[in-house]
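Heads up, the thing below is written out as structure tokens.
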Amino acid sequence: MRFPFGIAGAGVGEIERQIPDGEPPPLPVNDALRVIGKPVRRQDGRAKVTGAVRFTVDVKPPGMLHARILRSTSPNARVRAIDTAAAERQAGVRAVLAIARNDSILRYAGAPIAAVAATTQAAADAALRLIRVDAAALPFVVDMDIARRANAALVYQPGEALPLNAVEIPVSGALPLTGNVRGPETLGSRGDVEQGFAVAEVIVEGEYRTRTQTHCCMEPHAIVADWRADGLTVWMSTQFTAGVRRELARVFDLKLSQVRVKVAAMGGGFGSKSQLGVYGQIAVMLSRQAGAPVRLVFDREEEHLDSGNRPETWQQIRIGAHRDGTLSAISLVEFGSAGVGVGAGVGNFAQTLYACPNFSLAQNDVFINAGRGSAMRGPGNTPGAFAMEQAIDDLAGQLGLDPLVLRDRIDPSPVRREERRLGAAKSGWDRRHAPGADTGATKRGIGVAQSIWGANVYTNASCEVRVLRDGSVLVLSGVQDLGTGIGTILAQVVAEEFGLLPEDITVHIGDTDFPAGPPSYGSQTTASITPAARTAAWKVKQALFRQVAPALGATPEQLAARDGKIIIGNDPARGMNFRDATAGMRTDQLSVVESRADDYGGFRRRSGDMAGAVNDLGGVQFAEVSVDTETGSIRVERIVAVQDCGRPMNPKLIESQVMGGVLMGISYALLEERVIDQHTGRMMNANLEQYKLVGPRDTPPIEVIVLENYQGQSATDAYGIAEPSNIATAPAIANAVFNAIGVRVRELPMTPATVLAALGRLPRRS
Amino acid sequence: MDRFTWQSARTVAEAASAGKCTVAEAMRADTDADRVVMKAGGIDLLDLMKEGLLRPTRVINLRDIPGLDTITEDAAGTRIGALVTLEQLAAHSISRQRYTALADAAASSATPQIRHVATLGGNLLQRPRCWYFRSAAHHCARKGGEHCFAFAGENQYHAVFGHDGCAIVHPSTVATALVAFNARVELANAQGGTRTVALEAFLVGPEVDVTRETDLRAGEVMTAVLLPPMPAGVRSVFLKQAERLSSDWSIADVAVVLQRAADGRCQNVSVVLGAAAPVPWRAQKAEAALTGRLIDAAVANAAGEAAIAGAEPLRRNAYKLPILATLVRRAVLTAADVRETVP
């Protein structure tokens, strides 16, 4: 079969692919389609803006109890005794659960100690205050630099079991632990870096620092658990209904068939809602104990303290190059902290983005007494890009090359080449002046940075399509919509196949009673579930054609579905309305369940259900800033984001996600930082007042360009967009700041204090 | 949040006779004490209650008291009712035309939603935003504890002047401008009497009492802020620097009020710094550097430098000094209508 292949606007040809039996024929390019690739409005948009849509916090089964968790106020303490007797006697209390035990170590402020379920949240809060915890304070360390010192307090004693959790972040099992430092991890090193630096004609190096960023989902973590004799039903704000079902079945020794996980609308996850989590287990245990449904919703402080975060990093990067820009060596030394967890590595970005024969990596996890890190939108690559893309900008300056010209020489990706070309034209790159060239206190600058991210696919992803006798169509899948609009996209895919409109299709998702869907992390939802949906729709259509062909006096092969009709021989004048055709079905419904086939051209890597496509995702972003050199204040004036995601399924939804990624990137660049007091070990800004997110007045115009990049790899040829859109923003801003003021800001967040320090304008303290 | 009783006062006298303590006193009171506090817009009060710092037994609502929500002027000056919202203050023609720095300060505060609810009285009486003060886990000096955590801790948002035992900065942005205009506050008590006091004297630093920010007495109700009339030729400018434009507290702000005599020389100069000290900080050396002078770039620059002379920055807040100096210089130049030349 021949598939469209290449980048629209830069020459789309064809490629021959062997496709497995039972897969539908190739889709033409978006221009030749009616619904796919069009800016279709979000199906639940009206419900969202009118407040009608239901989130997990709105789920209220009869008899529901409210749970609250007692959390450690100490950054490190050993429990001697927990007394819950008074809490158990409190009016309204139905279940009390001690999570910590005698001799448990509470390793961070915010660590769960006990939990209560009561008839009201106020009663649960009151009961928490009655729990007596006797704990001995232990020495603690909350600063990564101090934690690296030889005499630092130890987060884990030698021989203690380490928490090797990982979603998306590969973690090696056996690495040395020295004090609080676990590593170095050298995975991915190649060639001979010493030799590479020996032959280099130009070497740039720098030290970069990024800060801990918390997810700040608009919708908090929330679960309602209902344990009954015949099984467990859980409503949860989760990025992976099928995964949570698996975890629940394992933890509570239930059959998969006894567990049902449902999610209504979601207000974001960004990686922090990928798993069941301790809080999820707590809710289920309380429900089992109380014999009633239990609701557990985090408050904003809990969101910051104990729902994951993007680890902070210190990176030392060194790049050697020849005069023409060709890279000869890259070395990256990193220390990062995921608190009491692991997974702070950033090496993938520097390892994979540019052609360079010699690469060495030494990355280390540093334990501190703080909440555990987790996957967060482009984990590793986002902080990695902040350092590496500034180093490349630095190198371009040293070589006297335009940063885009240098990248044309060292970046092998044809996709990013096209993205640079489009972005340069859109951003007015030719206006860019020499660093610091503006006169006056406020200086403007333009900068660029690039992204790389794996095009992930989850092959254990299934979807059911049903056509009913009255012509209505149902799409069913366990896949969840964490706010990106996958339900709308599924309607588009199925509508295209049946020649209908998206509003003709009813989509029910977010329920494990439907065929198991993929996780919505790793930017793989659309890539994984849309091919399954199209294949199922195509198969149902074939079955329908077989049933209605005799009535039309045609053979099934002569039929096609278009514009609400089933037509014969591609002649719109011959045929009947879709609805009239389905009325002749033998049964009330025709139904097919299909799953995601492997990429037609094969995968580059595979691990269990999760695979990586042959080609990575790109993305190039351009930032324009103005910097007040007397106050250190940076204003982002404009962002141009050029992104790719295979075949774009819905430009409106893609643009929306890219804007979200860019906003999160601006916020990371300029504002966000978890601040922990060194003396008490407590996070001081566990709120949304002093933990600052970018706001409306700080939001610049964001212009989004989305490539159509056809690769002939699946029934839809779609890949993801969520994470790539976040990776390049902060370094693009940093490079624009350098272009504005001629001084490199190597530390996040780039607040007035940071910028004034970089400019050497801080007075010495008396 | 614990249960409390609600009383909506119809008159100032009713509120004043019901009020038993100030918010500062209620926060430090014994758990069995009668903790009766007053509420205007409720912005700060609800924050304190949700943070578990304040557990009132009774809340006296002031918002139904008529007559406290207008701005009027006569020959004696301008009277701003204590229930006037920040949004009214930002938009009213009197504040916009006569007291521009005040209108701009109000407009720069918080979010549109908050500005429509927050009152001037509540804004002046709000408690500080210091994150140690706002943390129930930190029993700091201002809450009756032993010491100030900010001195050795995370003090990037703290004071560079006047931090005598406590390093908060005064939270009110409009207070910076009001002090520059030599505003007075009017306070009514339960006995039916009133007193007026200069705002600058009403706001007290930690050297007076570390556990309160004002001279408000138990049972007193703030009824108005009084501004002197502004003669022709007075110009006022307010400038604020924050880390973001949307909904953020100042890291530094400045109000400059000056009058130019017929010969162009400055007189009646006020230079007040916000987010710099536990109270709005009058930069007397800057005022002296401007008084009697013709404004040019060098004089404005000298005023900026004079404004930060004697500052005592903490470990993480020295960055505030160049910002304060810059804002003073820019505000002076703008007030004097002198365009800054590009070097």
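Quick note: the coordinates plus some simple rules give every number you see, no bench work behind them. This structure is a prediction, so every number in the text was calculated from the model and none was measured. All Cβ positions, glycine included, derive from the backbone under ideal geometry; neighbour counts span all protein chains shown.
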Report summary line: Once both label points are put 7 Å beyond Cα along the C-beta direction, the B:ASP2-A:VAL743 separation in nm becomes 5.1 nm
Report task. Can you check what the net charge comes to around A:PHE197, using other residues whose Cβ is under 13 Å from the Cβ of A:PHE197 (Lys, Arg +1; Asp, Glu -1)? Result -> -3
Report summary line: About its Cα centre, segment B:5-64 carries a charge dipole, from +1 on Lys and Arg Cβ atoms and -1 on Asp and Glu Cβ atoms, whose size in debye to the nearest 20 is 120 debye
Query raised in the report: Roughly how crowded by other chains is peptide A:676-683, in terms of the mean Cβ count from those chains within 10 Å of each of its Cβ atoms?
Result: 4
Report task. Determine, from the Cβ-Cβ distance of A:HIS433 and A:ARG697 and an R0 of 35 Å, the FRET efficiency 1/(1 + (r/R0)^6), rounded to the nearest 0.05. Result -> 0.80
Report summary line: Mean per-residue count of partner chain Cβ within 10 Å for A:692-700 equals 4
Report task. Please work out whether chain A counts as rounded, prolate or oblate from its C-alpha gyration tensor, where a ≥ b ≥ c are the square roots of the eigenvalues and a/c under 1.5 means rounded, while otherwise a/b larger than b/c means prolate and anything else oblate? Result -> oblate
Query raised in the report: Can you give the angle from 0 to 90° between the axis of helix B:320-335 and the longest principal axis of chain B, with both taken from C-alpha atoms, to the nearest 10?
Result: 60 degrees
Query raised in the report: Say each of B:ARG55 and A:ALA150 gets a label point 7 Å from the Cα, pointing the same way as Cα to Cβ; how far apart are those two points in nm?
Result: 5.0 nm
Query raised in the report: Taking the mean number of other Cβ atoms within 10 Å as a proxy for protection, how do you rank A:73-79, A:111-117, A:9-15 from highest to lowest?
Result: A:111-117, A:73-79, A:9-15
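What average number of partner chain Cβ atoms lie no more than 10 Å from the Cβ of the residues making up B:242-252?
Mean inter-chain Cβ contacts per residue within 10 Å come to 6.
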**Report entry** Efficiency of FRET from Cβ geometry, A:MET218 and A:ARG34, R₀ 35 Å, rounded to 0.05
**Finding:** 0.55
Query raised in the report: If only Cα atoms are counted, what is the Rg of segment B:5-64, and what is its Dmax, in Å?
Result: 10.8, 30
Query - Once exposed loop GluC sites (Glu not before Pro) are cut out (DSSP; at most 15 other Cβ, 10 Å), longest piece of chain B - result: B:208-339
**Report entry** Centroid-to-centroid separation of segment B:215-244 and segment B:76-133 [C-alpha atoms, Å]
**Finding:** 8 Å
Query raised in the report: Straight-line reach from B:LYS143: which lysines have Cα under 17 Å away, leaving out those fewer than 8 places along the same chain?
Result: B:LYS50
Report task. Rank-order A:281-291, A:592-602 by packing density, defined as the average count of other C-beta atoms within 10 Å over each peptide's residues, highest first. Result -> A:281-291, A:592-602
Query raised in the report: What ranking do B:THR31, A:THR186, B:THR223 get, fewest neighbouring Cβ atoms within 10 angstrom at the top?
Result: B:THR31, A:THR186, B:THR223
Requested in this report: Can you tell me which of A:187-199, A:658-670, A:355-367 comes out highest on packing, and rank the rest after it, using the mean Cβ neighbours within 10 Å?
Outcome: A:658-670, A:355-367, A:187-199
Query raised in the report: How large is ³J(HN,Hα) for each residue in segment B:178-188, as worked out from phi by the Karplus curve 6.51 cos²θ - 1.76 cosθ + 1.60 (θ = phi - 60°), to whole Hz, x for Gly and Pro?
Result: 4, 5, 4, 8, 6, 5, 10, 10, 10, 10, 10
Query raised in the report: With a 10 Å Cβ neighbour count serving as the proxy for reagent exposure, in which order, fewest first, do B:THR111, A:THR119 appear?
Result: B:THR111, A:THR119
Report task. On a C-alpha basis, how far is the centre of segment A:620-653 from the centre of segment A:343-371 in Å? Whole number, if you could? Result -> 25 Å
Report summary line: In nm, the gap between the two label points placed 7 Å beyond Cα toward Cβ at A:GLU14 and B:ARG28 is 8.5 nm
Query raised in the report: Roughly how many whole Å is it from the C-alpha centroid of segment A:300-314 to that of segment A:245-270?
Result: 23 Å
Query raised in the report: Check A:VAL507: other-chain or 5+ apart residues with amide H under 5 Å from its amide H, H built from backbone geometry?
Result: A:VAL475
Requested in this report: Give the calculated FRET efficiency between A:ARG41 and A:ALA573 to the nearest 0.05, with a Förster radius of 22 Å applied to their Cβ-Cβ distance.
Outcome: 0.10
Report task. Hey, can you grab everything whose amide H is under 5 Å from the amide H of B:ALA224? Only 5+ residues off in sequence or another chain; H modelled, so Pro and N-termini drop out. Result -> B:ALA82, B:GLU186
Report summary line: Which residues qualify? For A:ARG574, with a placed amide H closer than 5 Å and at least 5 residues away or on another chain, they are A:ILE568
**Report entry** Long-range lysine pairs (8 or more apart or interchain), chain A, Cα under 18 Å
**Finding:** 6
